[in-house]
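Here's the structure, in structure tokens; my notes come after.
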There are 2 protein chains.
Amino acid sequence: MMVEAPKTESRKEQIYRVAITLFREKGYIASSMRDLAKELNIEAPSLYSHIKSKEEILQKVCFEMAETFFHGLNDIEKRNFSAKSRLEAAIHSHINVICEHKDAVAVFLNEWRHLSQPHYSDFVQLRNQYEEKFHTYIKFGVDKGEFRVADVNFAVLTILSSLNWTYNWYKESGKMKPEEIASNLSEILIKGIS
Amino acid sequence: MMVEAPKTESRKEQIYRVAITLFREKGYIASSMRDLAKELNIEAPSLYSHIKSKEEILQKVCFEMAETFFHGLNDIEKRNFSAKSRLEAAIHSHINVICEHKDAVAVFLNEWRHLSQPHYSDFVQLRNQYEEKFHTYIKFGVDKGEFRVADVNFAVLTILSSLNWTYNWYKESGKMKPEEIASNLSEILIKGIS
DNA sequence: CCTACCGATCGGTAGG
DNA sequence: CCTACCGATCGGTAGG
């Protein structure tokens, strides 16, 4: 597994970083604490002097990523954009978060269902709130006459699903940078391919 | 778990049907053969007189769904459509498969990575071939001047990701039928939301 | 279709 | 950070 190691990194941070790459590759359930320990060249029980449980790692990833996605939208809502510019800015923010945290986003998107209660319900609520933000952006444009959609909810799901797929193929080393990805997505979703 | 049972159904078919709903709800790895047996009111070892292994179920689901998706495109390629009509027909076919096989599609989309070799590689190959079909539809439209896209591959990924998300929220009992879903998706992807 | 059971592996603790 | 170990659970087999 290829994981670059920052210079000053606590053992705890190292555990989280390696766990994220492991969960992304094998899935949360299929990743064992012994797998994780092996990657770190320690024994499994030693992990527990740094973390409380396997699920604690998943919780941290899911909720920190949720916060990061929300944070990206903060500035946008303060400004007086056109509906189109506002949506474009939101798309750029969303894509930047995905590209900067590829593996964590993969875990965030695919493994949240393994959270136990009440974390599961808390997470679903956050996710719905994030979708609602995009809902208001689209609704704003529809009310202003900038957008035309058959169903606002439907448009939101279509937009977010195509944005979220980016984590699957984005490569830091690839020729397409986050800016260009976001621009291309905005173009297709706003103007269409025709 | 709510699963309607067809009148004439072999034990084997029943096992597959219930397994699909189980894998969809809990994930393949987190679903145990004891869970599956319990749903069927038998003991776990009894399953093995009908199936060879847990993975055999996953393999059947993944490859049969792949075949179903391909089959839907067969008619389309024989006709002399405009690029736009051809893409619309492909979208309708894809959405129909998703809506008719919701749970199996969920397993197909999310659990294929747990296939062992050589099935894993075979599956990835099929998936790439299916993407290539959409690639030719888009390329056809670009060459004819019907479509304008910055990057054909990129457009294909955007389209398929938004189509595939449908399995997550579609309900047979909902007001939006497959036909309407496909039409709305076509509209957004071809004309955009503006 | 069952009971009885296999070796392997799981997340995690005790105690140092 | 380790060794030693826990009870629970895993997919699957033997034998009927």
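The values are calculated or read from the model by the stated rules, or taken from the named source; none is laboratory data. Because the structure is a prediction, the values reported are computed rather than measured. Glycine also receives a Cβ, built like all others from the backbone with ideal geometry; neighbour counts cover every protein chain displayed. Just so you know, the surface numbers come from the protein's heavy atoms only, side chains and all, with ligands and any DNA or RNA stripped out. Shrake-Rupley method; radii C 1.70, N 1.55, O 1.52, S 1.80 Å.
Odds and ends about this structure:
- Positive contributions from Lys and Arg (+1) and negative ones from Asp and Glu (-1), summed over other residues with Cβ under 14 Å from the Cβ of B:Ile193, come out at +1.
- Interface residues, region A:154-194 - accessible area loss of 40 Å² or more versus chain alone, probe 1.4 Å: A:Phe154, A:Leu157, A:Thr158, A:Ser161, A:Trp165, A:Trp169, A:Asn184, A:Ile188, A:Leu189, A:Ile190, A:Ile193, A:Ser194
- In the assembly of identical copies, B:Lys60 has its label point, taken 7 Å from Cα in the direction of the beta carbon, separated from the corresponding points by 4.3 nm (ascending, one decimal).
- Kirkwood hydrodynamic radius over Cα pairs of region B:66-194, then Stokes diffusion coefficient at 10 °C and 1.306 mPa s, in µm²/s: 103
- The HN-Hα couplings worked out from phi for region A:169-174 by the Karplus form 6.51 cos²θ - 1.76 cosθ + 1.60 (θ = phi - 60°) are 10, 5, 10, 3, 8, x Hz, whole numbers, x standing for Gly and Pro.
- Of A:Thr166, A:Thr158, A:Thr21, the one that fluctuates the most in a GNM where chain A has Cα springs shorter than 10 Å: A:Thr158
- Computed with a 1.4 Å probe over protein heavy atoms only, the accessible area of B:Asp122 comes to about 70 Å².
- Over region B:1-140, the Kirkwood radius and the radius of gyration, each from Cα atoms, give a ratio Rg/Rh of 1.05.
- Based on Cα contacts under 8 Å between residues 6+ apart, chain B shows a relative contact order of 23 percent.
- Interface area, A with B, accessible, probe 1.4 Å, both sides summed, Å² nearest 100: 3200
- By the compact-protein rule of thumb, 2.2 N^0.38 Å, the alpha-carbon radius of gyration of region A:48-107 corresponds to a ratio of 1.45.
- Structural size metrics of region B:108-175, computed from C-alpha coordinates, are Rg and Dmax of 15.3, 43 Å.
- Kirkwood Rh and Cα Rg combined as Rg/Rh, region B:1-81: 1.10
- Here B:Asp151 sits with roughly 40 square angstrom of accessible surface, probe radius 1.4 Å.
- The per residue volume of the convex hull around the alpha-carbon atoms of region B:82-121 is 80 Å³.
- Per residue, region B:1-94 exposes an accessible area of 56 Å² to a 1.4 Å probe, with every protein chain left in place.
- Taking the convex hull of Cα positions in region A:140-183, its mean projected area over all directions (nm²): 3.9
- Top of B:Ala30, B:Ala90, B:Ala19 by mean-square fluctuation, Gaussian network on chain B, Cα under 10 Å: B:Ala30
- A:Ser194 long-range amide H proximity, modeled H, under 5 Å: B:Arg148
- Debye log10 I(q)/I(0) at q = 0.06, 0.09, 0.12 Å⁻¹ for the protein assembly as shown, Cα point scatterers: -0.26, -0.60, -1.07
- Gaussian network model of chain B, Cα within-10 Å springs - most flexible of B:Gln129, B:Gln117, B:Gln14: B:Gln117
- Here the dipole of region A:1-157 is about 60 debye; that uses its Cα centre as origin and unit charges on the Cβ of Lys and Arg (positive) and Asp and Glu (negative).
- Share of carbon and sulfur in the accessible heavy-atom surface of region A:1-113 [1.4 Å probe, %]: 47
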